[in-house]
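The values are calculated or read from the model by the stated rules, or taken from the named source; none is laboratory data. Quantities reported herein were computed from a predicted structural model and do not represent experimental measurements. Positions of Cβ are backbone-derived with ideal geometry, glycine not excepted, and every protein chain shown enters the neighbour counts. Quick note on the areas: whole protein, heavy atoms, side chains included, nothing else; ligands and nucleic acids left out. Shrake-Rupley method; radii C 1.70, N 1.55, O 1.52, S 1.80 Å.
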Amino acid sequence: MACLLETPIRMSVLSEVTASSRHYVDRLFDPDPQKVLQGVIDMKNAVIGNNKQKANLIVLGAVPRLLYLLQQETSSTELKTECAVVLGSLAMGTENNVKSLLDCHIIPALLQGLLSPDLKFIEACLRCLRTIFTSPVTPEELLYTDATVIPHLMALLSRSRYTQEYICQIFSHCCKGPDHQTILFNHGAVQNIAHLLTSVSYKVRMQALKCFSVLAFENPQVSMTLVNVLVDGELLPQIFVKMLQRDKPIEMQLTSAKCLTYMCRAGAIRTDDNCIVLKTLPCLVRMCSKERLLEERVEGAETLAYLIEPDVELQRIASITDHLIAMLADYFKYPSSVSAITDIKRLDHDLKHAHELRQAAFKLYASLGANDEDIRKKIIETENMMDRIVTGLSESSVKVRLAAVRCLHSLSRSVQQLRTSFQDHAVWKPLMKVLQNAPDEILVVASSMLCNLLLDFSPSKEPILESGAVELLCGLTQSENPALRVNGIWALMNMAFQAEQKIKADILRSLSTEQLFRLLSDSDLNVLMKTLGLLRNLLSTQPTLCVLANIADGTTAKELIMTNDDILQKIKYYMGHSHVKLQLAATCCILNLIRNEEEGSQERQDKLRDMGIVDILHKLSQSPDLNLSEKAKKALQQYLA
């Protein structure tokens, strides 16, 4: 019996809720304008903080009516303003609410509202636009569709502190990539926003600062301009430095540090400038301490990783500032004890986002260890570091996996570590697993690291070969992504260096001469270079090995190449190329084919002479590049001997 009753009860509750909401919508259609206004005001009070009420009103069609009233010339300014306020409140609900508003074409209606002479109405429209544009479901492009919008927003910046706050917030959320940066820059964003950094309103200063951080990111043009901008007789970098002092709010310190970091990375500020070494770097290290909130620690570490990434000196300074390497180890123990966080809501949030801390720590360790052997040693000696990285390689979050691979790749540049820690922890096993089925961005870094593990002195080389690496790498050479083709070929080149004939035969068999030829015709210069390097290694013979024995399928690498005219023509073509490195690599291949002491050299020499190779060698022996001319002379000596 209870089962039968359940549905009607739920239906009646729903119809009651909808009925109470319908009363609000019905009042929007009253012929008396005063009653309509009162209806909108009552609706505004009903939806504040009530997501259920917001959803009901949207379902009942309140949005199209509110937008109609907002755009009607006969509506009073007060009514239009109240409509914009209610729409803004609806937008503050769920993402679905925002989607519904976008479907009703709210953005063009609000942008049209900005043409009104009434400031209160303009502010209400901007507040609503700010809420909509800061939602992840809103496409940024909607701000740039109409070319008149950006200049009009720039003009409105001077109207009030609210227009300044909302417009800067819209800009900083909708500036994604160089195209948007250029549009805003060309419409005078720098000049119009710079003076807002000295506003009496903290919110305005903060939003202006955020604007500059997104404008300067990876943008030399904007960054070079910012360096020379004066505000009240003070240069912008000096203002940013003041804003990252310890007595300023954390959000302000962090964003100022970002601005200076991005300007430095874009080449506008030198890496040895005091504002970077003595101000920005220490500020970002401070953000990594236990005392900071999770999101501050994440942002601090990621920004610092970006700042020091290309500069050895900054890496060394950071590594000895406030025990940073040990401090980052705490990122993996978070939250260490539940009692430390009394706010349950905060604890719940942090548990969901703890993976972001691990990702940030891996990124920063990767930057710290990019060049200096002593720093790498310190990182690896940090408690359980290698175990943490190996665990990171199999985390569910793609971003954490990518950061862990990057960290490992950075540490794999050390000969010492490749021979010790990497072997002790059998790092190659989880790495091979990562390479089986990963997104391209992870594959690029993981395959790059595999190149290091396949170097001749690496103890991991043997087990990697036994675990089917040849097929995997040959597969990478067929990728559409040039970075993966380069890494596949590079790893095979390292694998073939002074290798036994069996390994060389496996590579040739798996790769096939057809694929080898395709790689020699590749449009990417790096692929060509590495393919010629692979050929050179396949064709070279170790003096310690007995004269080339016939391998499994009865052919040697040399015979395979010599019987493939297409490949020979390619090698000949690269000998005459304008790029010296390609000429050198091709000449090395020829030298390995014609060495006198090897069986069959006379036939190979004759065939190559008939192809005109000797004439080319004579020309190359006169090359201004000493390395190239020496190799050419050495090859010619084989003919004279």
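Output the number of residues of the stretch 616-641 satisfying the condition of being more than 16 Å from Leu584 (Cα to Cα) and without any contact (Cβ under 8 Å) to a residue 12 or more places away in the chain.
Adding up the residues that qualify gives 2.
Which is in a helix (DSSP H, G or I), in contact with a Phe, Trp or Tyr (Cβ under 6 Å, 6 or more places away or on another chain) and among the hydrophobic types (A, V, I, L, M, F, W, C), of Cys211, Cys275?
Going through Cys211, Cys275 in turn, just one is in a helix (DSSP H, G or I), in contact with a Phe, Trp or Tyr (Cβ under 6 Å, 6 or more places away or on another chain) and among the hydrophobic types (A, V, I, L, M, F, W, C): Cys211.
On the given criteria, is Thr587 within 27 Å of Leu525 (Cβ to Cβ) and either of a type outside the set (A, V, I, L, M, F, W, C) or open to solvent by less than 10 Å² (accessible area, probe 1.4 Å) (or both)?
In short, yes.
Which count do you get for residues in the stretch 17-48 that are among the acidic types (Asp, Glu) and open to solvent by 80 Å² or more (accessible area, probe 1.4 Å)?
Adding up the residues that qualify gives 1.
Under the condition of being assigned to a loop (DSSP other than H, G, I, E, B) and closer than 20 Å to Ser540 by Cβ, which residue from the stretch 478-503 is least open to solvent (accessible area, probe 1.4 Å)?
Once the filter is applied, the top-ranked residue is Ala499.
Please verify whether Ser199 is touching a Ser or Thr at 6+ places or on another chain (Cβ under 7 Å) and touching a residue at least 24 places away in the same chain (Cβ under 8 Å), treating the condition exactly as stated.
No; evaluated as a whole, the condition is false for this residue.
Please determine, by comparing only the residues of the stretch 344-391 that are open to solvent by 70 Å² or more (accessible area, probe 1.4 Å) and of a type in the set (A, V, I, L, M, F, W, C), which one is modelled with the highest pLDDT.
Leu351
Cβ contacts < 8 Å: first residue touching a residue at least 60 places away in the same chain (Cβ under 8 Å), restricted to the stretch 220-234; second residue open to solvent by 50 Å² or more (accessible area, probe 1.4 Å) and part of a helix (DSSP H, G or I), any location; separation 6+ or different chain. Result?
The qualifying pairs do not exist here.
Scan (1) of a type in the set (Asp, Glu); (2) in a helix (DSSP H, G or I); (3) modelled with pLDDT of 90 or more for the single condition Glu16 breaks and write down its number.
Status for Glu16: all satisfied but (3).
Where residues in the stretch 536-554 are modelled with pLDDT under 85 and surrounded by 14 or more Cβ atoms within 10 Å (Cβ to Cβ), which of them is farthest from Ile594 (Cα to Cα)?
It comes out as Ile551.
Could you look through the stretch 420-447, keep only residues that are touching a residue at least 40 places away in the same chain (Cβ under 8 Å) and among the polar types (S, T, N, Q), and pick out the one that is surrounded by the fewest Cβ atoms within 10 Å (Cβ to Cβ)?
Looking at the filtered set, the residue picked out is Ser421.
Conditions (1) open to solvent by less than 70 Å² (accessible area, probe 1.4 Å); (2) at negative phi; (3) within 41 Å of the chain's Cα centre (by Cα), marked per residue:
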{"residue": "Asn50", "(1), (2), (3)": "yes, yes, yes"}
{"residue": "Lys54", "(1), (2), (3)": "yes, yes, yes"}
{"residue": "Pro64", "(1), (2), (3)": "no, yes, yes"}
{"residue": "Thr77", "(1), (2), (3)": "yes, yes, no"}
{"residue": "Val85", "(1), (2), (3)": "yes, yes, yes"}
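Among the residues of the stretch 404-414, are any modelled with pLDDT of 90 or more and either farther than 28 Å from Met495 by Cβ or open to solvent by 10 Å² or more (accessible area, probe 1.4 Å) (or both)?
Scanning the stretch 404-414, I find at least one residue that is modelled with pLDDT of 90 or more and either farther than 28 Å from Met495 by Cβ or open to solvent by 10 Å² or more (accessible area, probe 1.4 Å) (or both), so the answer is yes.
Filter the stretch 248-271 down to residues that are β-branched (Val, Ile, Thr) and in a helix (DSSP H, G or I) and give me whichever is surrounded by the most Cβ atoms within 10 Å (Cβ to Cβ).
Thr255
Just a yes or no: is a residue in the stretch 150-157 within 16 Å of Cys211 (Cα to Cα), outside any helix (DSSP H, G or I), more than 25 Å from the chain's Cα centre (by Cα) and among the hydrophobic types (A, V, I, L, M, F, W, C)?
Yes, the stretch 150-157 contains a residue that is within 16 Å of Cys211 (Cα to Cα), outside any helix (DSSP H, G or I), more than 25 Å from the chain's Cα centre (by Cα) and among the hydrophobic types (A, V, I, L, M, F, W, C).
Within the stretch 209-240, count every residue that is of a type in the set (A, V, I, L, M, F, W, C), closer than 24 Å to Asn274 by Cβ and crowded, with 20+ Cβ neighbours inside 10 Å.
Within the stretch 209-240, residues that are of a type in the set (A, V, I, L, M, F, W, C), closer than 24 Å to Asn274 by Cβ and crowded, with 20+ Cβ neighbours inside 10 Å number 10.
Taking Glu462 as meeting all but one of (1) outside any loop (DSSP other than H, G, I, E, B); (2) open to solvent by 10 Å² or more (accessible area, probe 1.4 Å); (3) touching a helix residue (DSSP H, G or I) at 6+ places or on another chain (Cβ under 8 Å), write down the number of the exception.
Checking Glu462 against (1) outside any loop (DSSP other than H, G, I, E, B); (2) open to solvent by 10 Å² or more (accessible area, probe 1.4 Å); (3) touching a helix residue (DSSP H, G or I) at 6+ places or on another chain (Cβ under 8 Å), the one that fails is (3).
Here is a yes/no grid of residues against (1) open to solvent by 60 Å² or more (accessible area, probe 1.4 Å); (2) over 21 Å from Arg406 (Cα atoms); (3) without any contact (Cβ under 8 Å) to a residue 40 or more places away in the chain; (4) not acidic (Asp, Glu):
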| position | (1), (2), (3), (4) |
| --- | --- |
| Arg246 | yes, yes, no, yes |
| Leu294 | no, yes, no, yes |
| Ile320 | yes, yes, yes, yes |
| His323 | yes, yes, yes, yes |
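Could you run through the stretch 98-149 and say how many residues are among the aliphatic types (A, V, I, L, M), open to solvent by less than 20 Å² (accessible area, probe 1.4 Å) and within 34 Å of the chain's Cα centre (by Cα)?
Here the count works out to 10.
What number of residues within the stretch 294-310 are closer than 14 Å to Met327 by Cβ and among the hydroxyl-bearing types (Ser, Thr, Tyr)?
Residues in the stretch 294-310 being closer than 14 Å to Met327 by Cβ and among the hydroxyl-bearing types (Ser, Thr, Tyr): 0 in total.
Identify all residues within the stretch 504-535 that are more than 22 Å from Tyr573 (Cβ to Cβ) and open to solvent by 30 Å² or more (accessible area, probe 1.4 Å); write none if there are none.
Listed by number, the residues that qualify are Asp506, Arg509, Ser510.
Starting from the stretch 139-152, take each residue that is farther than 13 Å from Pro108 by Cβ and of a type outside the set (A, V, I, L, M) and list its partners that are open to solvent by 60 Å² or more (accessible area, probe 1.4 Å) and not in a helix (DSSP H, G or I), counting only C-beta distances under 7 angstrom and pairs at least six apart or across chains.
Within 7 Å, the pairs are Glu140/Lys176; Pro151/His187.
Can you tell me which residues in the stretch 590-641 are open to solvent by less than 60 Å² (accessible area, probe 1.4 Å), of a type in the set (S, T, N, Q) and under 43 Å from the mean Cα position of the chain (by Cα)?
Within the stretch 590-641, Asn592, Ser623, Ser629 qualify.
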